[in-house]
Structures are given as C-alpha cells and as structure tokens.
1. Report, in whole Å, the centroid distance computed from the Cα atoms of region 10-29 and region 265-298.
2. Could you give the length gained by full extension between residue 634 and residue 75, i.e. 0.36 nm per residue of separation minus their alpha carbon distance, to one decimal place?
3. Say each of residue 55 and residue 493 gets a label point 7 Å from the Cα, pointing the same way as Cα to Cβ; how far apart are those two points in nm?
4. What distance in nm separates the simple spin-label points at residue 286 and residue 87, each placed 7 Å from Cα in the Cβ direction?
5. Under 18 Å Cα-Cα from residue 499, which aspartates and glutamates qualify once same-chain neighbours fewer than 8 residues away are excluded?
6. By what distance, in whole Å, do the Cα atoms of region 139-249 stretch along each of the three principal axes, largest value first?
7. Quick one: dipole size for region 387-509, taken about the Cα centre, charges +1 on Lys/Arg Cβ and -1 on Asp/Glu Cβ, in debye to the nearest 20.
8. Between residue 306 and residue 479, what length in nm is gained on full extension when 0.36 nm per residue of separation is reduced by their alpha carbon distance?
Amino acid sequence: MGVISYAQTYTINGSVTAIDSEETLLGATVYAENTTFGTTTNNYGVYSLTLTKGTYRIVVQSLGFETKIISLDLNKDQTLNFSLALQSEALDEVIVSEDIERIRLRAPEMSINRLSVKSIQQTPVVFGETDILKTIQLLPGVTSAGEGASGFNVRGSGADQNLILLDEATVFNSSHLFGFFSVFNTDAIKDVQLYKGGIPASYGGRAASVLRIDQKEGAKDRVRFNGGIGLVSSRGLVEGPLGKGSFLLAGRGTYAHLFLKASGASNLAYFYDLNTKITLPLNEKNRILLSGYFGRDVVSFDSSFKNTYGNSVFNLRWNRIFSNRVFGNLSLIYTDYYYGLALDFVGFDWDSGISNLNIKYDINYNVSERLKLETGIQTTYYNFNPGYIRPLTEDSGFNNEQLQQKYAAEASIYLSAKYELSNRFALQYGLRLNQFNRLAQSGLEQYANNKPIVFNSTLGIYQEGIVTGTFTSEESRAAFTNIEPRATLAYRMQNSALKISYQRVHQYLHLISNTTSPTPLDVWTPSGRYLKPQRADQWAVGFATERKNGNSFEAEAFYKETANRYDYIDGAELVANKAIERILLPGVARAYGLELLYKKTQGKVTGMAAYTLSKAEQQTLGIGTDDPGINNGKWYSAPFDKTHDLSLSLSYEPNNRWQWNANFILQTGQPITYPTGQYEFMGARVPSFGQRNAQRLPAYHRLDIAATLNPSSSKSRKIKGNWVFGIYNVYNRKNAATISFKQDPETGKNQANKLYIFGIIPSITYNIQF
C-alpha cells in the first residue's frame, strides 16, 4: 500500500472551457503524460492535480475538442486555465477517445455511463424530438416500462427508485404527456451521467440509480441562438454574455392541439417547458449560479376531464475556490411537483403534489498525489399533499376537503475518498450517515394490534384494520438513522481493468402505484410508523477493456437485494386515499443479471451493442401467521422484469453532408396478470385473477432510423441549419402496451384486445443556429 507523502509536491488547478463559447467542460481529463496521475474536471469545470516536483507534459482532453499539451516545469503551485478548440473534422477522434477511456479505465468507478449531447441528438426518437430518457434506455441494464410509458428501470428496480437531478434539483416526474417526451430540453443540456451502481457517497435517497443532468451555463463570447421546428413541437434557445457572466433561456412546446382545436376536436393534449440559467462571477475565486425549470402538461377529454401537472425547480449555488486544493459549493434548492385533476362528470377538482426545500454544502479536497477527499452535509424539508378536493357545483355531493398533509425532514453527512493504492490498484470508499424524521401531524390513525391491514381468512380477502383512535401529534413522529457504506476497487492492466463494488442505499420516500410505470396519478408518501424505509444492497463485478483501434468492451454482473419494498393489495384504490397504509403489504425484492456493452468509435461506421440477461423478483409476505401475502408468499416477477434486453445503435457518416443513424431494440415482454376465470355477481360478470405477474405481454421490438442533411458548409455563413428526417418503428410493429379481455356478446367467449400506442411514425425537423 502506498504511503501518503507531502514532500516536494505541488498542485496545479484551474478550469477547462470551450475556446469559442467559454462554456465550462465537465469530465475533461487533465493528466501528466507517461505517469499514472490524472484527474477530471468536476461538475463545475474545475480541476486540481497534485504532482511531485519535476518536469511534465500536461495533457488536457475532452471529447469533441482538440487536445492541448503543454510543457510544465513544476516547482511551485500554479493556476492554469485551459481553453479547448472544437475538434476539426480532419483530426482523428479516436486518439482523443482512446486517452479519455484510459483515464476512465484507471478510475476506481464502475456502473457509470456518460452521454454526450451529440449522441443524444443522433438517436432516432418518436416525433423527431431528441430525448435523454429514450437514449439511456439503449444502455445495458436500463429498460422502459413499455411503449409511451414514463420513467425508466435500472437493474430490475422500480422507476421510483431513480434519483433524477437537474442542476442538482430533484425531478419527481421526468416525462411529458405520460411518457411520449422527457422533460429535458437537449438544447439546454451540457452533461448527462447515469450511476447504475458504485454510487458515490455524495448521493443518497434512492435505492437504484442516480441520473445527473447539468444544464449549460450559456455562451460568454456573444449572443447565440439555436432551435428547431418539427411536426408537433418546436424549441428555441438564446444564450449570451451577461456582464462578466452569462445567461441561458430555452423554451419548448407542442402545438398539435391548436390544429385539433381548430378542427373542432374536444380531446386535447399539449405541454410546454422553460429552462433558464444565469452565471455571475464575483471574482476569480467566487461565482453565483441561478438555474430554474418550469414545465406543464395539459390533457383534456370531451370537456369532462382535464389533467394538469408539472415540475418547478429553482437552484441558487455559490462556488468558491478556497485554495488550489480545496473547492466548495453551497446550494439552496426548491422543487415542486403539482398534479391537478378536474372531473366534471364526477363533480370535483383534485389538487395534489410534493415539494421540498434542500440546503447542501459540498467540499472537494485534493490531499496529495494519491488521495482525494469529498465531504458534505445536506438537509431537506418535505411537504406531501395527498390531495385537496374541491366540488365544482353545490349539488355535486362533495365537500371541500384537504386530505391530511404529511411533513418530513432528512439530514445527511458524507465522506468519500479516492486513493491510489499503487500503480495497479485504486480504491474509492465512503460512508454516508443519514437521518429521516417523519414530522408531527394530527389525525394519524391507530389500529388494533398495530395492523392497518388484516386478512379475512373466511372471505379470503384483505380488509382495513380496526381503527382504535388517533395518535397525538407528538406520538405520530417517527425517526430512522442509517449508515451507508460504499466501496469500489479497481485492478488495472495496460488496456483493461477488473473492478468490484458494493453499495448500501436507503430510500425514505415511497411511490405508491398500481401501474407498471409511473403516472401523474401516483402517490408519493414518506416513511413513518407504518411504512419503513427501503434498504438496497448491491454487489457488482466487472471487466472493461479499450483497444487502440477505438473498440471497447465492458461486462458487469450484479446482484441486488431490497428490503421493505411495498406492493399493493388486489383492488387497491389510490385516488384520494386518506390512509395509504391500508392497501400496502411489505416485502423484499431481488435482482441479478449480466450486462454486456461493445462500442466502436473509429471509422465512418460507429455504434454500440448492448445486451442484458437479468431477473427481477419480489416476495410479499403477510403480516400475520395466517396471512398468505401476495401469490401465497411465493416469489413472483416484478412488474418491470425483462429477461432479455438487446439494443443496437449504428451511425454511418459517408461525408460531411449526410449522417445516417439506426436503433434496434428487442426486449422480453413485461409481466402482466391475466384473468383466469369469471363469476356472476348481481347479474354482472366479474373476472377472477390468478397469480400476480404470471403471464407476459408479447416481446417488444422495433427499428428506428434517421438521416441528417447538412447543407454545404461555409465558414462565412453566420446562419447554419440542418434537416433531420426520421422514421420511428420502421416496420410498424404493434407493440402491446396492455391486453384486456371482454366477452363477445354473440359467442359468449372471452376475447383478448391488445392496446398499442404507436405504429410507424415519420418525422421531419429543421434545426437552425446562429
């Protein structure tokens, strides 16, 4: 094991930016040539590298930019800011990607995928709107809940177990129009990172993954504009200097509803969103960043149903460089998710949501050549509004009623270290201590034998527990304190690496859903007296190699166990439920699998192939000795279990004018519960169901293609544009979103009816920038 030494070492620090727009570059590599020492810029484009006294060639690289190399006689601490030029088409991109992959291979991290905006924009998607969520679903271990479904699943976990951050602010609903689009405007995005495992100690609160998305800061050289016009949506972005800082403003929206409204259609659906960011340097060591997002979706049917929902986030950050080795960031973050439902045919409006206020402080400390530390503290206050019911008319039969709001506070502190044990071994390890407090509330009900739900063995059904009273406000409190260890060990060879990792994560928020994917109607609720925090333990082992020809291969195997994973009872009703604990049963979940990823980055034809073989199961036991639980206490497939998942992505660039892209996806059909029989009750036929998730939908597969036409380029042209032609689901595969059964009135036989969302969809988009 190496020994930490401070003798004759000096530090270089600074930032890495794009030379044209002066946009900071995240994840850029800075390393000393022919040594094992290197680093990457942090989430604010700042780096710090400590080396022994001597003469070095310092190499600075970032994908899509030209490499910069300087000679350095290191005999004192120095501040070196680097500006990189956009890579010219004549340069060999493989050299850059090879060196960056070498640094990534050596790092003690695994199960991490980073996506460039360019790769996202090249992915063919429905309606021609680029989509971050659709792109990450091409990665191994990541699947969707089906056609047109919102959210994504990582390594056999639920969509609610993903921590989604936009400029560090939590996003509770990541989709527009129930999954047709994501809420992230690609034009405003600078960096995307997905942690499937090996999650650093700086993150917590979700059991499966972290999706971190950072917005651009805005061009500092001049005012710039880019946007696009499509068949159903358009977008625009303006950015430019603001004093010594910069600003960014981006907007997006659909307008198909305007044509539908003009034609007299009564069913409408549309969305709009707004991104903004302001960066204000105070001096060389301090700067302020303000960022925000606002989005809304509106869906209505026949003027009798109207659904409005969306996210609002605001973030104020203060970056400070304390010294050439210490960097700090203070964040004040507010997030609000609103869901509104107007039901004219029922006679009431329903408003619900969740909001939080988050304060966090993080410090990066470059201790020595071999040791880097990160530490921080965070506190979050939550307000859960399960619903406010407002009658539309006096004779509706409803009264104004506010369902019991819930409040909680979460605090955490963490310490993480990256240590170069030797030239072969590197270790990242950390601890996160968190405490979650369910705050006092009135009206929390007490149940006989402390059981909010009981099993009636005579009727063979679950029933609500017997209410014996209510807790006092002080008695309604609940507190949970947990320690979360994280560790990743890397063993490095010349062009390859072996890695193992372990992580423990606790999740204190539960998304209660009786669908296979999140919907705006789902209910977020905190842990408390009746709902315990989820606890997920994951082990992973992996091998990665990078060849000089630009090809790379990765293989990872994982095993994950989750305690306190709740599932709903049959016939559960979520809307306006005053006591959600009455419809839930505790259980455990497990997932295991093998992921393979091959990438080709050299030549006119590039692409990747990803395959995952996995199993995701759940076991929901009863809460009494004679309680059978779900499926009689046996293991059953999780709603998002997909045994096989194959993704192929191909890009062909024959010349500077044309680029062709294609994606192919093949997945095992998602589990579903079919009726096994029926019975008559009061003259009506009622279906009876067998084991939960015992059947599956047909296999899901589709092919998407896109072609990008760039007009003849001219350096003198100030206005540039291109055309993007796409076909989603080329061979018109009718992938089932669900299957329902009904009786044929003539024959009396039951018939299966397959509901599918999309067939073949062509698209055309014109993009412009100046």
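1. The two parts, judged by their Cα centres, are 24 Å apart.
2. Numbers: separation 559, 0.36 × 559 = 201.24 nm, distance 6.68 nm.
Roughly 194.6 nm would be gained on extension.
3. That separation, rounded to one decimal, is 3.6 nm.
4. 3.9 nm
5. 101, 109, 420, 537, 546, 554, 556, 595
6. 46, 40, 22
7. Numbers: 12 positive and 10 negative charges, 227 e Å.
So the magnitude is around 1100 debye.
8. On the way: separation 173, 0.36 × 173 = 62.28 nm, distance 3.85 nm.
Full-extension gain reported as 58.4 nm.
The values are calculated or read from the model by the stated rules, or taken from the named source; none is laboratory data. Nothing here was measured: the structure is a model prediction, and the numbers come from that model. Positions of Cβ are backbone-derived with ideal geometry, glycine not excepted, and every protein chain shown enters the neighbour counts. Keep in mind that these areas ignore ligands, DNA and RNA; they rest on the heavy atoms of the full protein, side chains included. Shrake-Rupley method; radii C 1.70, N 1.55, O 1.52, S 1.80 Å.
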